[in-house]
Amino acid sequence: MGVVEAEALHGAVEALAVSLQPHVATAFFVFSACTVALAALLAVVRLRPPWWCDCAVCEAYLTASWTGEFDNLCDWYAHLLRTSPAQTVHVHVLRNVLTANPVTVDHVLRACFDNYPKGAPFSAILADFLGRGIFNVDGDAWLFQRKLAAAELASPALRAFAARVVASELRCRLIPLLHSASREGNGKVLDLQDVFRRFAFDSICKISFGLDPGCLELSMPVSTLVEAFDTASTLSARRATVPMQIIWRLKRFLNVGDERKLRDAVRLVDALAAEVIRQRRKLGGAASGSDLLSRFMGSIDDDKYLRDIVVSFMLAGRDTIASALTAFFLLLSDHPEVATAIRDEVARVTGDSNRTMAATFDKLKDMHYVHAALYESMRLFPPVQFDSKFAAGDDTLPDGTVVAKGTRVTYHAYAMGRMESVWGPDCAEFRPERWLRDGRFVPESPYRYPVFQAGVRVCIGKELALMEMKAVIVAVVRSFDIEAIARSSRRPKFAPGLTATFAGGLPVRVRRWRARASGHNPPI
């Protein structure tokens with residue numbers, strides 16, 4: 001080889017080395033980070049933190065041995081809480097105290113409210129998805145959003161606007177869709193959970209943003225926003241099940257696995273929420289609409305803050321409504337006598353089965369059995385199965401459980417609905433009559449029934465949500481029989497997420513119901 005060839009070869013090697021240098025550096029950095037992370041995890045395991053425990057509960061959680069007997073984590077927790085004398089259990093590896101004791105719930109949500117905020121650990125878990133939205137903040141940020149939202153949600157104009165939106169969605173979309181399914185005979189199967197999720201999404205987008213995504217047209221694919229929203233909700237909830245936050249934080253740092261999927265989903269949610277805000281501004285913003293976003297725009301100029309509010313209202317207005325309605329109709333399929341009682345009440349209160357939808361809306365407040373049936377359904381299947389706070393300081397719960405600063409304290413609404421000590425020996429039964437006194441609905445203490453939370457953080461959208469759900473129940477039950485296929489409320493299977501969602505949906509057959517006794521057909 002000549003001198004020229006040698007120099008040329010040397011130059012090529014140098015050029016190759018220079019071009020590979022960034023890649024080699026990146027690979028070395030990733031390898032080093034993984035090595036350090038692995039060493040840190042091994043050190044944590046060797047040190048066995050003071051909250052580590054070899055008790056039967058923690059072992060069952062870590063090994064997932066509970067799945068041999070229970071289909072859902074919430075059912076295992078309910079079993080543990082029923083068998084606990086104090087109705088309180090400490091899952092040490094999660095630093096999580098769970099309770100189904102109404103006295104303890106009162107202590108956390110009212111008596112010692114200041115000591116039990118959402119807390120930094122909870123906010124960190126949901127920060128990428130919910131940002132600074134009302135469900136993920138404490139202190140002044142929470143108080144500002146709550147006061148603003150409470151004032152708007154109490155507005156008669158907004159409530160009238162929401163009622164018009166729901167009536168329109170029922171009349172023009174949901175009822176015609178179910179009527180179409182009922183005409184196709186026994187072969188037509190509908191996923192009612194998917195239908196209610198689409199219905200609730202359309203409704204909340206109209207009420208909150210003044211925009212119509214048209215999701216209830218089943219011929220249309222689910223929108224990109226809905227898919228991204230579902231993914232972000234599921235993966236954010238999964239973070240809370242990891243024993244050590246360092247695990248998901250490391251995966252987020254390395255942008256791998258679920259954390260990479262979550263980042264991609266949140267990026268889509270951000271982009272589409274920004275588009276919602278842009279469209280609202282294009283239509284005139286605060287001066288142009290009756291929707292919630294227009295009203296918020298009058299007080300908030302920060303688009304990132306508005307984005308967080310948009311996402312929070314989507315979560316509250318779609319997922320919880322759809323979850324509650326899906327569970328209600330699953331229970332109704334198992335209890336046709338309740339459907340009969342609802343039809344009897346609707347006929348008695350409205351006086352005419354052919355009254356218009358708007359006239360029926362005006363009578364919802366007089367339908368005490370409908371209200372009781374909905375409350376009873378949510379007792380057994382609360383849309384949000386549990387809620388957590390983090391102790392700002394050391395405390396002792398009324399049952400004697402010692403809570404160290406930084407410990408997560410969770411009241412488990414799903415378990416509370418199944419506690420014989422709270423609801424009596426028939427607690428597992430779907431019995432709307434337990435809420436009625438002389439035919440009138442009588443509420444229970446919110447600390448026995450924390451479905452809408454209680455105390456200072458009680459749900460400010462409660463009345464709006466109840467109006468929407470009761471309107472759907474009345475409109476559907478007076479016109480259709482809903483039969484769940486191969487599903488029972490006795491042994492449900494839930495999918496992971498921030499709200500209770502049935503794994504595999506709720507396949508049903510829809511049949512037209514006819515009032516044989518009166519000879520009248522119910523209205524569409």
Calculate the spin-label point distance for ILE246 paired with ARG164, positioning each point 7 Å from the Cα along the beta-carbon direction, and give it in nanometres. 5.8 nm
Computed ³J(HN,Hα) along region 418-428: with the Karplus parameters 6.51/-1.76/1.60, θ = phi - 60°, integer Hz and x for glycine or proline, the list is 10, 9, 4, 5, 9, 10, x, x, 9, 4, 7
Expected output is a single nm value to one decimal: the length gained when fully extending between GLU429 and LYS365, i.e. 0.36 nm times separation in residues minus the C-alpha distance. What is it? 20.5 nm
Treating each Cα of region 329-418 as an identical point scatterer and ignoring solvent, apply the Debye formula and state log10 I(q)/I(0) at q = 0.11, 0.15, 0.20 Å⁻¹. -0.54, -0.72, -0.97
Amide H to amide H under 5 Å from VAL403: which residues, 5+ apart in sequence or cross-chain, H placed 1.01 Å off N in plane? ASP395, THR396, LEU397
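Please work out the FRET efficiency for the pair SER421 and GLU275, using the Cβ-Cβ distance as r and a Förster radius of 51 Å; give the result to the nearest 0.05. Before the final figure, lay out the partial values.
On the way: r = 50 Å, r/R0 = 0.98.
After rounding to 0.05, the efficiency reads 0.55.
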Region 244-259 - phi-based ³J(HN,Hα) in whole Hz, Karplus 6.51/-1.76/1.60, Gly and Pro as x: 10, 4, 4, 5, 6, 5, 5, 5, 5, 4, 7, 6, 10, x, 4, 5
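Calculate, in whole percent, how much of the Cα-Cα pair population of region 56-512 lies beyond 38 Å.
22 percent
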Each residue of region 296-303 in turn: what ³J(HN,Hα) in whole Hz from Karplus with 6.51, -1.76, 1.60 and θ = phi - 60°, glycine and Pro shown as x? 5, 4, x, 10, 10, 9, 6, 5
Want the number for ARG183 to LYS147: 0.36 nm per residue separation, take away the alpha-carbon distance, what's left? 8.2 nm
Residues with amide H under 5 Å from that of ALA495, placed H, sequence gap 5 or more: THR501, PHE502, ALA503
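Can you check how the C-alpha radius of gyration of region 399-524 compares to 2.2 N^0.38 Å, as a plain ratio? Let's see the in-between values first.
Values: Rg = 19.0 Å, N = 126, 2.2 N^0.38 = 13.8 Å.
The value comes to 1.38.
Protein chains only, probe 1.4 Å: how do LYS389, LYS188, LYS261 rank by accessible area, largest first? Working shown, then result.
Numbers: LYS389 5, LYS188 65, LYS261 120 Å².
From most exposed to least exposed: LYS261, LYS188, LYS389.
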Long-range HN-HN contacts of VAL409 with modeled amide H, under 5 Å: VAL97, LYS389, PHE390, ALA391
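For SER488 and ALA120 in the same chain, what is the full-extension length gain: residue separation times 0.36 nm, less their Cα-Cα distance, in nm? Present the calculation step by step, with values, prior to reporting the outcome.
On the way: separation 368, 0.36 × 368 = 132.48 nm, distance 3.88 nm.
Full-extension gain reported as 128.6 nm.
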Between region 52-74 and region 309-353, how many Å separate their Cα centres? 34 Å
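Order the peptides 127-136, 426-435 from the highest to the lowest mean number of other Cβ atoms within 10 Å of their residues.
Details: 127-136: 21.4, 426-435: 16.3.
In descending order of packing, they fall as 127-136, 426-435.
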For the pair ASP344 and ALA157, how long in nm is the line joining their label points, each one 7 Å along Cα→Cβ? 4.4 nm
Counting only protein heavy atoms and using a 1.4 Å probe, what share of the accessible area of region 56-512 belongs to carbon plus sulfur, as a whole percent? 55 percent
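The values are calculated or read from the model by the stated rules, or taken from the named source; none is laboratory data. All of these numbers come straight from a predicted model, not from anything done at the bench. Reconstructed Cβ throughout: ideal geometry from the backbone, glycine too, with neighbour counts over all protein chains shown. Heads up: the accessible areas ignore ligands, DNA and RNA and are worked out on the full protein's heavy atoms, side chains in. Shrake-Rupley method; radii C 1.70, N 1.55, O 1.52, S 1.80 Å.
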